[in-house]
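A short worksheet on the structure shown next.
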Amino acid sequence: MEIKTLRYFLAVAREENMSRAAAFLHVSQPTLSKQIKILEDELGKLLFVRHSRSISLTEEGILLRNRAQDLVGMADKIEKEFSLLDDITGGDLYLGLAESAQIKHLARAIKACKAKYPSLHYHITSGDTEQIEEKLQKGLLDFLVLAECPDSHSYEYLDFPQADTWGLVMPENDPLARKDAITVDDLAGLPLFCSEQAWTGDVRRWAGSGFPSLQLEGTFRLSYNGSVFVKEGLGYLLTFDRLVDTAKGSGLAFRPLAPRLESRLSIAWKRYQSFTPIAERFLAQLRETFSSPSKDSPISVS
């Protein structure tokens, strides 16, 4: 199975039409059809269902599309890395990010690095730990930002200079908005939104014996989407401070949890990882930016 054939397959899957895919690839339609047939014969599975004017993926085709996207993405990354080995003006960085206001520190490091290496380009993937960690293990990412302590056996990492504070986002006219802080007893029986990762981790540990009284209404990977549901009166959002607009007049309010719950972010990379030149320079910039005396607290390196 060749990368070129997988590119053909992905083009057909995207266009859902053999003629349009052939035009995009600058090959003849018979050539493209032949390559797809060879791929199906090689795998022993039908990848497409042919309709009168279009084609669609079979279940096996969907599985191959997901795997092929990773393989082709990795091949593209390798080609770029080798083409830029001698290019000290830039290169491509691939970052997987958790959601946090502390990403500002990462943005500052990128900005400083961009000033030194103007041809730097960065590609951001957002998601929960499971999603972005898988991409790092496959070599599709250089670094990942985690809202939990990384496994020191698998990763090296830097802690972000500051911590995120957990709290409750609610309608600004809600009775709980009159409180200075929110306790487990305040949350008992309320319809709550939270990320699945945080619900089974930070929130469970914080709530302790009161956790069974908490009701998970729904899970969100992006706090902004959760805040829209809060505005519509569907529930209350447990999240970090400063991820959604809770300023006066926004319709929302944020109150911290009591006892106080904080999470530290870390940026991690695989132990014994072979970095591209630009990734090495970026890591050096991260160390410099994160250890700046203007930040609120020092970092630790593991």
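The values are calculated or read from the model by the stated rules, or taken from the named source; none is laboratory data. Treat the numbers as computed from the prediction; the structure is a model and nothing was measured. Positions of Cβ are generated from backbone atoms using ideal geometry, with glycine treated the same way; all protein chains shown enter the neighbour counts. Surface areas here come from the heavy atoms of the whole protein model, side chains and all, with no ligands, DNA or RNA. Shrake-Rupley method; radii C 1.70, N 1.55, O 1.52, S 1.80 Å.
Annotations for the structure displayed:
- Lone qualifier among ILE38, ILE55 - being more than 18 Å from GLN69 (Cα to Cα), in contact with a Ser or Thr (Cβ under 8 Å, 6 or more places away or on another chain) and surrounded by 13 or more Cβ atoms within 10 Å (Cβ to Cβ): ILE38
- Scanning the range 208-223 for residues that are modelled with pLDDT under 95 and buried (at least 17 other Cβ atoms within 10 Å of the Cβ) returns PHE220, SER223.
- Any hit, the range 282-299, residues being within 19 Å of the chain's Cα centre (by Cα), small (Gly, Ala, Ser) and either open to solvent by less than 20 Å² (accessible area, probe 1.4 Å) or farther than 22 Å from ALA181 by Cβ (or both): no
- Flag for HIS105 being at pLDDT 90 or above and under 14 Å from GLY73 (Cβ atoms): no
- Yes/no for SER266 being open to solvent by less than 60 Å² (accessible area, probe 1.4 Å), closer than 20 Å to SER154 by Cβ and among the hydroxyl-bearing types (Ser, Thr, Tyr): yes
- Any chance ALA247 is farther than 19 Å from GLY189 by Cα, outside any helix (DSSP H, G or I) and modelled with pLDDT of 95 or more: no
- Filtering the range 33-60 to residues that are of a type in the set (Lys, Arg) and in a helix (DSSP H, G or I) leaves LYS34, LYS37.
- Residue in the range 191-207 that is surrounded by fewer than 16 Cβ atoms within 10 Å (Cβ to Cβ) and among the hydrophobic types (A, V, I, L, M, F, W, C) present: no
- Residue match in the range 224-231 (condition: outside any loop (DSSP other than H, G, I, E, B), closer than 30 Å to GLU288 by Cα, open to solvent by less than 20 Å² (accessible area, probe 1.4 Å) and polar (S, T, N, Q)): no
- The requirement of being under 20 Å from the mean Cα position of the chain (by Cα) and either among the hydroxyl-bearing types (Ser, Thr, Tyr) or surrounded by fewer than 20 Cβ atoms within 10 Å (Cβ to Cβ) (or both) is not satisfied by TYR117.
- SER195 vs. criteria under 23 Å from LEU283 (Cβ atoms) and either free of Cβ contacts under 8 Å to residues at least 12 places away in the same chain or hydroxyl-bearing (Ser, Thr, Tyr) (or both): no
- Evaluated against (1) modelled with pLDDT under 90; (2) assigned to a loop (DSSP other than H, G, I, E, B); (3) within 22 Å of CYS149 (Cβ to Cβ); (4) not β-branched (Val, Ile, Thr), ARG264 falls short on exactly one condition, (2).
- Qualifying residue in the range 86-93 (condition: surrounded by 14 or more Cβ atoms within 10 Å (Cβ to Cβ) and part of a helix (DSSP H, G or I)): no
- Within the range 269-288, the set of residues being polar (S, T, N, Q) and modelled with pLDDT of 90 or more comprises GLN285 only.
- Any hit, the range 26-44, residues being out of contact with any Lys or Arg (no Cβ under 8 Å at 6 or more places or on another chain), within 27 Å of GLU134 (Cα to Cα) and among the hydrophobic types (A, V, I, L, M, F, W, C): yes
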